[in-house]
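One structure below.
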Amino acid sequence: MRRKMLRLLDTVIATRGVPPQVSAAPAITLSDVLNTLLRHAKVDDADLSARCTRCQRKTSLAACRIETGRRTTYACSGCGQMLLALAAAGDSGSAIDGYTLGGFKLCASVDIECRGGTLPKSLPGHGSG
């Protein structure tokens, strides 16, 4: 599973000309990581929300601009501010600061809310590590 996820993270797409919510390559999303950890719950990026510190817009992660590669990044759909980055914990090529969820590092500049619970932000900065 880890090898498959790293292979997916290695897939780099050209983001120029691609609409913000459309990805030509599969991405490991925060909801994928949470579903793996929770096992008996089903969470989608639409269930996860964040409030941008720059424009104060509250949005679901499903509505964010997502960029994939060795890391998955989410940016505010309103102003483009980086909200969070997700990368394989053991991948030195995409090392980010933050905390570990399963085999992934999460660097979030905002709290992530889900069904009454909160994943706290990991850094006071902008989440780009």
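Looking across the stretch 54-70, the residues that are at pLDDT 90 or above and under 17 Å from residue 31 (Cβ atoms) come down to 59, 60, 61, 62, 63, 64, 65, 66, 67.
Against the conditions (1) surrounded by 15 or more Cβ atoms within 10 Å (Cβ to Cβ); (2) not in a loop (DSSP other than H, G, I, E, B), residue 28 satisfies every one except (2). Residue pairs whose Cβ atoms lie under 8 Å apart, separated by 6 or more positions or on different chains, with the first residue in the stretch 59-85 and in contact (Cβ under 8 Å) with a residue 12 or more places away in the chain and the second of a type in the set (Phe, Trp, Tyr) and buried (at least 22 other Cβ atoms within 10 Å of the Cβ), are 61/74; 64/74; 65/74; 66/74; 82/74; 83/74; 84/74; 85/74. Each residue in the stretch 37-57 was checked for being surrounded by 13 or more Cβ atoms within 10 Å (Cβ to Cβ) and within 15 Å of residue 80 (Cα to Cα), and 7 of them qualify.
The values are calculated or read from the model by the stated rules, or taken from the named source; none is laboratory data. Nothing here was measured: the structure is a model prediction, and the numbers come from that model. Positions of Cβ are backbone-derived with ideal geometry, glycine not excepted, and every protein chain shown enters the neighbour counts.
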